[in-house]
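Taking it in order: structure first as C-alpha cells, then the write-up.
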Amino acid sequence: MWNVLSMNWALLLGVMFLMIGNGMQGTLLGVRGGLEGFSTGAMSIVMAAYFAGFLLGSQTVPDLIRRVGHVRVFAALGSLASACLVLFPVITTEWAWAVLRLLLGFCFCGVYIVAESWLNDTTTNETRGRALSLYLIAQSVGIVAAQGIFALGDPADFQLFVIVSVLVSLAFAPILLSATPMPPFESTKPMSFLALYRVSPLGFVGVFILGGVFAGLFGMTGVFGAARGLTSAEIALFVATIYVGGMVLQYPIGWASDRYDRRKLMVAASLLGAGASILGYSGAFGLPGLLLAGFVVGGVAMPLYGLLLAYTNDYLDRSDMASASARLLFVNGLGAIGGPLVTGWLMDRVGAGGFFLFIAMLLAAMALYAMWRMTRRPAYAGDESAPYVAVATAATPVTIGTLVEEWEEQIGADPAPGGSADAPERAA
C-alpha cells in the first residue's frame, strides 16, 4: 500500500483537491441559489445540468483525447472549469447557472478521465486494486473536507467561490508537471440497450433507478438544507454524513455480496434506505434524525452501484464485461439527469421533505423490482460469481475499464460461468 501511495501521491493529492472543489461547489450553489431567490424548480434544473454535462463528457471526451492528447484536453478543461466557478457569483441568473453547471459537468468528467488514465497506467495487475481503493479514499476525503471548508465561510460572499476555483486550479499541477508520459486511451463500443436488458433486467433497471438516487442525493442536498432552514454548518455536516455513511458501509455490503444472494442483499439495502428516507421525510428527532437518515441512505446507495455491476457480470462472458459496464454507465447517467428535476418538482409541492420522499420512492421501487425478478430467475448457481468492487458515484469510462481488469484478474483466465451466449434465455 505504501509503495502504491509513494508512486501516486501527487495524483491522489490532485484528485483530493479536485473533489474538495467539486464537492464544495455543489453544496455552495444549493445554498447560494436560495439566497439569490431562485425557486426550487429553477435550482433543480441547475443541478440536473451538471449530470447532463457529465454524461455528455463521458461520450465525447475520449474521442477528444484521441485527437489532441491528454495534456491539452486536461489543461483546457481545467482552465474552463476554474473560470466557470468564478463566474457563478458574477452572473446570477438561473439559465446562466445551468449553462455553467453543464460546462462544469463536462469539464470534471474530462479531467477525471485523464487522472484515472494516468493512475491506471502507473499501476500493475498486482497493485491496481490498492490504487483504486486509494483513489476512492482520496475522493471521499476530498468531499468530506469540502464540507468543513464550506461551513467556515459565508455563502453570501464571493470568497468561497474564489477558494473553490483556486483549489481546482491547484489540482492540475501534479499531473501537468508529472514526468510520467500520458497513456493511450482505449474505449470499447458498448452493447445495445436491448442486449444488455436481456442479459440482466435487474442490472439495467436498477442502475437507472440508482442514477436518480445519486443525482437527487448529491445534487440537491444543498437546496434541501436551505429549504429546511438549516445553517451552513448543519448543511455541511449533513452532506459529510452522507459520504461517511458510504465509506463505512462499503466494506460490509461488499463482503456480504460475495457470500449471499445479491438480489436479497439489494432488497434489504434498498428497504433499509427507503425506511431511513421516510425518517428524514418525517423530520422526527430533529437534526440527529436527519443525520441518521443521511448516513444510512448514503451508506446503502453508494455500494448498490458496485453490487448491481457485480450481479450483471455474473451473467456475462469476460469479453462482454467492458461493453456492458460502459452501457450501464450511460444508463446510470440518463437516470441521473432526471433525479434533480423530479426532486425539485416534489419539493415545490410537498415542501423540503420531497427530497427524501423521492429517494424513498426510488429505493422502494428498486426493492420491489428486485423481489419481482427473484420470481422470474433462480439465484445464480455458477461456481464463481463476479467479485464486488467499490465504485465511485462519479464513475467514468476509465473507472469502468479499471474495474473490468479487476474483475478479469479475480475471476481468472476462464470465462465466467453462464456467459452471454445463454444469458438471454435465462433472463426470460
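No lab work stands behind these numbers, since they all come straight from the coordinates. Here the structure is a predicted model, which is why all the values come from computation and not from measurement. For neighbour counting, all protein chains shown are included, and Cβ atoms are generated from backbone atoms with ideal geometry for every residue, glycine included.
By counting other Cβ atoms within 10 Å of each Cβ, how are Leu64, Leu102, Leu328 ranked from fewest to most? Could the numbers behind the result be given before it?
Details: Leu64 17, Leu102 21, Leu328 28.
Listed from fewest to most nearby Cβ atoms, that is Leu64, Leu102, Leu328.
Quick one: plug the Kirkwood hydrodynamic radius of region 305-346 (C-alpha pairs) into Stokes-Einstein at 25 °C, 0.890 mPa s, and report D in µm²/s. Write down the numbers at each step before the final one.
Details: Rh = 11.6 Å.
In µm²/s, the coefficient rounds to 212.
Of all chymotrypsin sites (Phe, Trp or Tyr not before Pro) in region 267-321, which ones are in loop regions per DSSP and have a Cβ with at most 16 other Cβ atoms within 10 Å? List each step's numbers first, then the result.
Details: sites: Tyr281, Phe285, Phe295, Tyr305, Tyr311, Tyr315; in loops: Phe285, Tyr315.
In loop regions of region 267-321 (DSSP not H, G, I, E or B), the sparsely surrounded chymotrypsin sites (Phe, Trp or Tyr not before Pro) are Phe285.
As a test of understanding, state the convex hull volume per residue of region 219-299 from its alpha carbons, in Å³.
Working: hull volume 6.9 nm³, N = 81.
Taking only Cα atoms, region 219-299 has a hull volume of 85 Å³ per residue.
For region 259-324, take the convex hull of the Cα atoms, compute a quarter of its surface area, and give me that in nm², please. Spell out each step's value before the answer.
Values: hull surface 21.1 nm².
Averaged projected hull area, Cα only: 5.3 nm².
When Rg is the radius of gyration of the Cα atoms in region 1-138 and Rh is its Kirkwood radius, what does Rg/Rh come to?
Here the Rg-to-Rh quotient is 1.04.
Cβ under 14 Å from Phe158's Cβ, Phe158 left aside: what net charge do those residues give with Lys, Arg +1 and Asp, Glu -1? Working shown, then result.
On the way: positive: Arg32; negative: Glu36, Asp154, Asp157.
Overall, the nearby charge balance is -2.
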